[in-house]
There are 2 protein chains.
Amino acid sequence: MAETGRPDLAAMIVPLGRALMAVEQPVLDAHGLTMWGYVVLLRLEESVRTQSALAQDIGADKTRIIGTLDDLQDRGLIERRPDPDDRRVRLLSLTAEGRRVRDSAQGAIQARENRLLDRLSPADREGFLNALQFLAALPKEELADSPGGSE
Amino acid sequence: MAETGRPDLAAMIVPLGRALMAVEQPVLDAHGLTMWGYVVLLRLEESVRTQSALAQDIGADKTRIIGTLDDLQDRGLIERRPDPDDRRVRLLSLTAEGRRVRDSAQGAIQARENRLLDRLSPADREGFLNALQFLAALPKEELADSPGGSE
DNA sequence: TATTGTTATACTCTATAACTATA
DNA sequence: TATAGTTATAGAGTATAACAATA
């Protein structure tokens, strides 16, 4: 196979991602959240032991998220307390208020997304979500070199 | 409907886009192209009348692409000549060499992408590509406020 | 006076290096 | 000496404002 006639995947996915972020920005604004703040709240569903681990998980530099954590903590959305067993480490977790804000923001965002998904046929919607979840969960190395097939 | 249990679309799409770009970077490097250079070559399949129009089409600032155009022109991949009818305007088009480089890069990129798509079931692959092409072609305003449905 | 393309400047985001406090 | 977190600094990428040429 050679002639598919489709645009490059990245050429569709990257601008779509940017557009989605722009569309969802007002929801975040209404909740007083930055994008990184929201991503942190999502990730802290399970509490995390070090800031470095959190940063790595969400694809940020460890220095990048410090201001974000400061802000979330000041507003009582997360807890950040020294680990008694190793006082260099900060134990990170959601507060009840943090969970409430996260649920509210995520609810609004997914509702908006669902309206968009409703414009797809049921078959396309299911395939899209299946594929997306599969590809998003794929480790980078496997994205890079999938075993040769249709080329 | 409320409980879908899926991650946010943007939370899957944005990192996937970044990862795809990283995966494809070596192909661009091998062709001596930057990401913006490649995007410009793709867009110039049909020639474009002004640099502003080109910039807008590919989602860049008009000042952003000047260095890119300088480089592509220096290397003989594009032609940029003043419009005789309005000497403020630069007429932009691919050279034969530009088309060759673009085809080579795009061939390598899509081959790589096809290997990735081969890991999906045929149904998911088709749904994914259909949905992606639909969503990527959607004007921003429609992305923003799809008519209410499943919320 | 308005517009195309360009250059110069400023701003945002991110990463790198240097510091502190613990271990 | 090594590591978690922090701060200060520098770099990339982008947009904004000012400019020259043309209409």
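We did not get these values from a lab; they are worked out from the coordinates using the rules stated. Keep in mind it's a predicted model, so treat the numbers as computed, not measured. Because the Cβ atoms are built from the backbone with ideal geometry, glycine has one as well, and the counts that use them run over all protein chains shown.
For the Cα atoms of chain A, what angle does the longest principal axis make with the long axis of helix A:96-117, in degrees from 0 to 90, nearest 10? For helix A:96-117, the angle is close to 10 degrees.
Computed from Cα positions, the angle between helix B:9-30 and the longest principal axis of chain B comes to roughly 40 degrees. Over the residues of chain B, the helix contribution to mean residue ellipticity at 222 nm works out to -19000 deg cm²/dmol, using -39500 (n - 2.57) for each DSSP H run of at least 4. Set against the 2.2 N^0.38 Å expectation for a compact globular protein, chain A has a Cα radius of gyration ratio of 1.27.
Scattering from region B:1-79 was approximated by placing one identical point on each alpha carbon and applying the Debye formula without solvent; log10 I(q)/I(0) at 0.12, 0.19, 0.21, 0.23 1/Å stands at -0.47, -0.87, -0.99, -1.11. Loop-located GluC sites (Glu not before Pro) in region B:1-72 (DSSP state not H, G, I, E or B) with no more than 12 neighbouring Cβ atoms inside 10 Å: B:Glu3, B:Glu45, B:Glu46. Going by the alpha-carbon gyration tensor, a ≥ b ≥ c the square roots of its eigenvalues, is region B:100-145 rounded (a/c under 1.5) or, if a/c is not under 1.5, prolate (a/b greater than b/c) versus oblate? Here region B:100-145 falls in the oblate category.
Using the crude model of +1 on Lys and Arg Cβ and -1 on Asp and Glu Cβ, and no other charge, please compute the dipole size for the protein assembly as shown relative to its Cα centre, in debye to 20. Intermediate results must be reported in sequence, preceding the final value.
Details: 40 positive and 50 negative charges, 120 e Å.
With only Lys, Arg, Asp and Glu charged at Cβ, the dipole is about 580 debye.
Using the Cβ of B:Ser52 as centre and a radius below 15 Å, the other residues enclosed give a net charge of +3, where K and R count +1 and D and E count -1. Each Lys and Arg contributes +1 and each Asp and Glu -1, all at the Cβ; summed about the Cα centre of chain A, the dipole is approximately 520 debye.
Sparse packing (at most 16 other Cβ atoms within 10 Å of the Cβ) combined with a DSSP loop state is found for the following trypsin sites (Lys or Arg not before Pro) in region B:1-75: B:Arg49, B:Lys62, B:Arg64, B:Arg75.
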